[in-house]
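Undergrad: One structure, as structure tokens, below. Some questions next.
The values are calculated or read from the model by the stated rules, or taken from the named source; none is laboratory data. Quick caveat: nothing in here was measured; it's all calculated off a predicted structure. As a convention, Cβ positions derive from the backbone with ideal geometry for all residues, glycine included, and neighbour counts pool all protein chains shown. Each accessible area value is taken on the protein alone, full model and side chains, heavy atoms only, with ligands, DNA and RNA left out. Shrake-Rupley method; radii C 1.70, N 1.55, O 1.52, S 1.80 Å.
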Amino acid sequence: MSTGTDTDTDTGAGTDTGTGTGPGTGEHAGYRELLREAFVRRYEDGADSWSEEPAMRELVPLLCTELAPGSSVIDIGAGRGRDMELLLAQGHRVTAVDLVRLPDWEDIARRYGAAAAFEVGNFADLADDRVFDAAVDNGVLHHQAPEDYAPYLANVRQRLRPGGLLAVSLFTTAEELAEGVLNRAEDGRLSRWFNEREATELLAGAGFTVTAVRNVRRELPGLAYLLVLARRDA
């Protein structure tokens with residue numbers, strides 16, 4: 001593991017930090033707020049190029065290879081709702097969670113009605129006890145502080161029924177990494193590049209069984225997404 005300047009200038013999929021730490025707890029609360037402010041600025045400035053990046057749209061098709069018709073899905077860090085739209089168009093029911101309410105949500109709500117639900121806030125702070133058939137994390141886990149990977153995944157697991165699916169997209173490089181790399185951007189955001197072994201072990205330790213892994217090259221030279229599909233153990 002190393003730290004350094006984050007050379008990936010378009011490293012966000014959504015804005016939800018989902019750390020699983022309690023509110024008002026010093027450094028953790030500070031990092032959650034740092035992420036929120038950073039992504040608010042990028043959306044306001046139109047700097048969310050990830051929203052239209054073709055490689056970002058590969059995760060939902062991977063999920064749908066194992067997702068039953070008419071499933072309930074929680075989209076963590078949903079951003080502008082691009083993944084949500086793909087799932088709704090296939091007849092699934094989707095709850096989007098993000099720290100920022102984006103104008104795109106209004107159009108999605110009009111077109112899909114009750115099948116689309118929206119929550120503004122941190123995923124870890126959802127007050128109810130709803131469970132889902134699947135969860136999409138297209139760019140949230142890899143922005144957590146390393147000590148929060150396990151609490152974050154515990155929260156995801158709690159939101160899934162036994163056997164439920166988790167589809168997660170992680171930063172990686174086009175060439176296989178020997179070990180993961182932790183970067184820090186100039187604005188303080190952390191972003192980790194994972195390798196397949198590390199991702200598989202992390203999910204296994206959190207109570208998931210990995211069923212599929214795919215490496216998708218990005219438009220940014222030398223970088224890729226590691227797409228992982230896993231099932232919650234009973």
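Undergrad: So which residues in the stretch 127-158 are in a helix (DSSP H, G or I) and open to solvent by less than 10 Å² (accessible area, probe 1.4 Å), if there are any at all? Spell out how you get there, then give the answer.
TA: Keep residues of the stretch 127-158 that are in a helix (DSSP H, G or I), which gives 141-143, 146-158.
Passing the criteria: Leu141, His142, His143, Asp148, Tyr152, Leu153, Val156.
Undergrad: A follow-up question, please. Search the stretch 159-183 for residues being farther than 30 Å from Pro69 by Cα and of a type in the set (Ser, Thr, Tyr), and hand back the single one that is surrounded by the most Cβ atoms within 10 Å (Cβ to Cβ).
TA: So in the stretch 159-183, the residues farther than 30 Å from Pro69 by Cα come out as 172-183.
The next check asks that each one be of a type in the set (Ser, Thr, Tyr); those that pass are 172-173.
Numbers: Thr172: 27, Thr173: 18.
Among those residues, the one meeting the criterion is Thr172.
Undergrad: Please go through the stretch 142-168 and pick out each residue that is over 15 Å from Arg231 (Cα atoms) and either in contact with a helix residue (DSSP H, G or I) (Cβ under 8 Å, 6 or more places away or on another chain) or among the β-branched types (Val, Ile, Thr) (or both). Full working, then the answer.
TA: So the first thing to find is which residues in the stretch 142-168 are over 15 Å from Arg231 (Cα atoms), and the list is 142-152.
Result: His143, Gln144, Ala145, Asp148, Tyr149, Ala150, Pro151, Tyr152.
Undergrad: Please go through the stretch 85-120 and pick out each residue that is within 16 Å of Phe39 (Cα to Cα), of a type outside the set (D, E, K, R) and open to solvent by less than 20 Å² (accessible area, probe 1.4 Å). Write out each step before concluding.
TA: Taking the stretch 85-120 and keeping what is within 16 Å of Phe39 (Cα to Cα), we get 97-104, 120.
With the extra rule that they be of a type outside the set (D, E, K, R), the set shrinks to 97, 99-100, 102-103, 120.
Residues satisfying the conditions are Val97, Leu102.
Undergrad: Here's something else I'd like to know. When residues of the stretch 144-175 are filtered for being touching a strand residue (DSSP E or B) at 6+ places or on another chain (Cβ under 8 Å) and not hydrophobic (A, V, I, L, M, F, W, C), how many remain?
TA: 11
Undergrad: Could I ask something else about it? Looking only at the stretch 22-31, decide whether some residue is modelled with pLDDT of 90 or more, over 18 Å from the mean Cα position of the chain (by Cα) and either outside any loop (DSSP other than H, G, I, E, B) or surrounded by 14 or more Cβ atoms within 10 Å (Cβ to Cβ) (or both). Break it down into steps so the answer makes sense when it comes.
TA: Residues of the stretch 22-31 modelled with pLDDT of 90 or more: none.
Within the stretch 22-31, not a single residue is modelled with pLDDT of 90 or more, over 18 Å from the mean Cα position of the chain (by Cα) and either outside any loop (DSSP other than H, G, I, E, B) or surrounded by 14 or more Cβ atoms within 10 Å (Cβ to Cβ) (or both).
Undergrad: Has the stretch 201-222 got at least one residue that is surrounded by 16 or more Cβ atoms within 10 Å (Cβ to Cβ), at pLDDT below 95 and over 25 Å from Val97 (Cβ atoms)?
TA: Yes, the stretch 201-222 has at least one match.
Undergrad: Another question, if that's okay. Looking at the structure I just gave you, is Glu119 closer than 21 Å to Leu153 by Cβ and free of Cβ contacts under 8 Å to residues at least 60 places away in the same chain? Lay out the reasoning, then the answer.
TA: Numbers: closer than 21 Å to Leu153 by Cβ: yes; free of Cβ contacts under 8 Å to residues at least 60 places away in the same chain: yes.
So Glu119 passes the test.
Undergrad: Inside the stretch 184-196, can you point out the residues that are part of a loop (DSSP other than H, G, I, E, B) and either open to solvent by 30 Å² or more (accessible area, probe 1.4 Å) or basic (Lys, Arg) (or both)? Break it down stepwise before answering.
TA: In the first step, residues of the stretch 184-196 are kept if they are part of a loop (DSSP other than H, G, I, E, B); the result is 185-189, 194-195.
Within the stretch 184-196, Glu186, Asp187, Arg189 qualify.
Undergrad: Considering the stretch 43-79 alone, what residues qualify as being of a type in the set (D, E, K, R), at pLDDT 95 or above and open to solvent by 10 Å² or more (accessible area, probe 1.4 Å)?
TA: Listed by number, the residues that qualify are Arg57, Glu58, Glu66.
Undergrad: Does Ala134 satisfy being modelled with pLDDT of 95 or more, hydrophobic (A, V, I, L, M, F, W, C) and over 26 Å from Arg32 (Cα atoms)?
TA: no
Undergrad: Still on this structure: Is at least one residue of the stretch 105-117 closer than 29 Å to Arg189 by Cα and either assigned to a loop (DSSP other than H, G, I, E, B) or among the hydroxyl-bearing types (Ser, Thr, Tyr) (or both)?
TA: No, there is no match, as no residue in the stretch 105-117 is closer than 29 Å to Arg189 by Cα and either assigned to a loop (DSSP other than H, G, I, E, B) or among the hydroxyl-bearing types (Ser, Thr, Tyr) (or both).
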